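First up is the structure itself, then whatever we jot down about it.
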Amino acid sequence: MLAKAISASVDAAAREDADDMRAAAADLAALDGEQTGVLMGSVMRMLLEEQHPDGLDGDDIRDVLDGCARWAAAWLPETDPHALLIILAGALGIHPDDHDEVERPTGQALALHAPLLIARLLSAGHRRLDVYLSAALAEIARLELMESP
């Protein structure tokens with residue numbers, strides 16, 4: 001169900017269909033936020049690592065954010081570059097400390113903006129989401145197995 005909801009939202013973003021994107025994001029936001037964030041973050045991280053095998057630097061991150069924000073804002077006016085930044089940082093394992101005054105995206109904002117980033121990263125090489133979702137789910141399952149006693 002989670003993979004299907006993510007697929008629907010990424011597909012709507014790839015088609016640049018604002019109405020479908022909003023509806024798919026609402027469906028996605030209704031699911032478990034932690035599971036959704038972990039899975040979408042894993043997919044983003046895999047895509048970024050594949051596209052930047054020598055590592056990401058500040059210019060690479062700025063290019064990803066700028067490209068996604070400009071593309072999405074052209075058809076989805078409520079696109080928030082700050083939400084994209086926080087989501088991308090989270091996918092890369094950069095989490096602001098609790099005492100930092102960084103406004104974190106709501107569940108609805110996460111459900112709207114994370115698929116935008118994924119769709120944009122997928123379009124860079126005509127990649128298929130299902131491959132990355134399967135790999136991310138397998139990696140999450142492997143990590144959970146290793147953590148359990």
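Here are a few things to note about the model shown:
- Scope the range 29-50; condition part of a helix (DSSP H, G or I) and surrounded by fewer than 18 Cβ atoms within 10 Å (Cβ to Cβ); matching residues: 33, 34, 35, 38, 49, 50
- Test for residue 54: is it modelled with pLDDT under 90 and at negative phi: no
- Number of positions in the range 51-80 that are farther than 27 Å from residue 22 by Cβ, touching a residue at least 24 places away in the same chain (Cβ under 8 Å) and part of a helix (DSSP H, G or I): 1
- Between 115, 77, 96, the distinction of being at pLDDT 95 or above and more than 15 Å from residue 14 (Cα to Cα) belongs to 77 only.
- So residue 118, is it touching a Pro at 6+ places or on another chain (Cβ under 8 Å), buried (at least 19 other Cβ atoms within 10 Å of the Cβ) and closer than 20 Å to residue 32 by Cα: no
- For residue 83, the requirement of being free of Cβ contacts under 8 Å to residues at least 12 places away in the same chain and touching a helix residue (DSSP H, G or I) at 6+ places or on another chain (Cβ under 9 Å) is not met.
- Condition met for residue 43 (modelled with pLDDT of 95 or more and within 20 Å of residue 139 (Cβ to Cβ)): yes
Each row is one residue, and each column tells you yes or no for (1) among the polar types (S, T, N, Q); (2) under 19 Å from residue 28 (Cβ atoms).
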position: 54; (1), (2): no, no
position: 80; (1), (2): no, yes
position: 83; (1), (2): no, yes
position: 86; (1), (2): no, yes
position: 108; (1), (2): yes, yes
position: 112; (1), (2): no, yes
position: 118; (1), (2): no, yes
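The values are calculated or read from the model by the stated rules, or taken from the named source; none is laboratory data. These numbers come from a predicted model, not from an experiment. FYI the Cβ positions are ideal-geometry reconstructions off the backbone, even for glycines, and counts take in every protein chain you see.
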